[in-house]
1. Just need log10 I(q)/I(0) for the range 100-189 at q = 0.10, 0.16, 0.22, 0.23 Å⁻¹, Debye formula, equal scatterers on the alpha-carbon atoms, no solvent, rounded to two decimals.
2. Just the number please: accessible area per residue for the range 18-76, 1.4 Å probe, all protein chains included, in Å².
3. With 27 Å as the limit, write out which pairs from K54/K167; K40/K167; K13/K40; K40/K150 have Cα-Cα distances beyond it, or answer none.
4. Distance in nm between label sites at T78 and R180, each 7 Å beyond Cα in the beta-carbon direction?
5. Which Cα, out of A101, V140, L164, lies furthest along the positive dipole direction of the range 63-181 (beta carbon charges, K/R +1, D/E -1)?
6. Simple spin-label model, 7 Å along Cα-to-Cβ: E143 to D169 in nm?
7. Rg/Rh for the chain: what does it come to with C-alpha atoms and Rh from Kirkwood?
8. In vacuum, with every alpha carbon of the range 3-54 counted as one equal point scatterer, what does the Debye formula give for log10 I(q)/I(0) at q = 0.18, 0.23, 0.24 Å⁻¹? Two decimals, please.
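The values are calculated or read from the model by the stated rules, or taken from the named source; none is laboratory data. None of the values given here were measured: they were computed from a predicted structure. FYI the Cβ positions are ideal-geometry reconstructions off the backbone, even for glycines, and counts take in every protein chain you see. Accessible surface is based on the protein model in full, side chains and every heavy atom, while ligands, DNA and RNA are left aside. Shrake-Rupley method; radii C 1.70, N 1.55, O 1.52, S 1.80 Å.
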Amino acid sequence: MRLIILGPPGAGKGTQAARIADRLGIPAISTGDIFRANIKDQTPLGVKVDEIIKSGGYVSDDITNEIVEDRLSWDDATHGFLLDGYPRTSGQVDALDAMLARHGHALDAVLELEVDEDAIVERLLRRAETEGRADDTEDVIRERQAIYRKETAPLAHHYDQVGLLVKVDGMGEVDEVTDRVIAALPQHA
Ligand code: ADP
């Protein structure tokens with residue numbers, strides 16, 4: 001299965017991505033994780049994107065598309081993958097389509113985790129308090145949610161129009177949400 005997962009910050013998207021990929025026997029590929037690993041190892045790519053990521057901006061489409069194309073060429077992704085954090089712009093949507101078409105492949109579904117924004121804000125604020133993260137204030141959290149809505153809505157709309165969008169209720173226990181996602185997949189395994 002070739003899948004994308006969309007979901008707002010705090011929705012537990014990374015956790016679900018790992019679990020869903022595990023169940024389906026495909027790799028979960030997070031562009032954020034790839035960038036962070038490169039920054040940690042100070043690779044040429046890491047050095048190049050460090051400042052951009054620290055400032056909260058987006059890495060350019062050219063760089064991002066290239067690292068995804070490379071990652072999708074690994075053996076473990078031949079029969080499927082779950083992309084987390086990519087695509088994020090319409091340029092990336094087009095680039096991904098072109099990459100897949102070159103290999104005669106196509107996406108099977110785009111999962112969108114739907115969550116109650118107020119509940120997530122509450123959860124993140126509690127976490128900020130217990131973990132002493134002073135930067136996670138309500139304003140900052142709501143701003144991140146707003147950016148997500150603004151940047152992701154057009155992508156979700158696009159995938160809805162081409163019949164790929166699958167919305168899943170992301171509220172509840174972690175296991176429950178994973179089961180729901182698996183059950184919602186087309187021709188689920
Ligand atoms: P978040 O913390 O919002 O979940 P990620 O872990 O997905 O973010 O990504 C961290 C950072 O890496 C982003 O803020 C951005 O700078 C960069 N990044 C990740 N994916 C992309 C992408 N598809 N396009 C451009 N930049 C990206």
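1. -0.38, -0.83, -1.13, -1.17
2. On the way: 3690 Å² over 59 residues.
For the range 18-76, the per-residue accessible area is 63 Å².
3. Working: K54/K167 31 Å; K40/K167 34 Å; K13/K40 22 Å; K40/K150 30 Å.
With Cα atoms farther than 27 Å apart: K54/K167; K40/K167; K40/K150.
4. Label at T78, label at R180, 3.6 nm between them.
5. Selected residue: A101.
6. 3.4 nm
7. Details: Rg = 16.6 Å, Rh = 17.5 Å.
Rg divided by Rh gives 0.95.
8. For the range 3-54 at q = 0.18, 0.23, 0.24 Å⁻¹, log10 I(q)/I(0) is -0.69, -0.87, -0.89.
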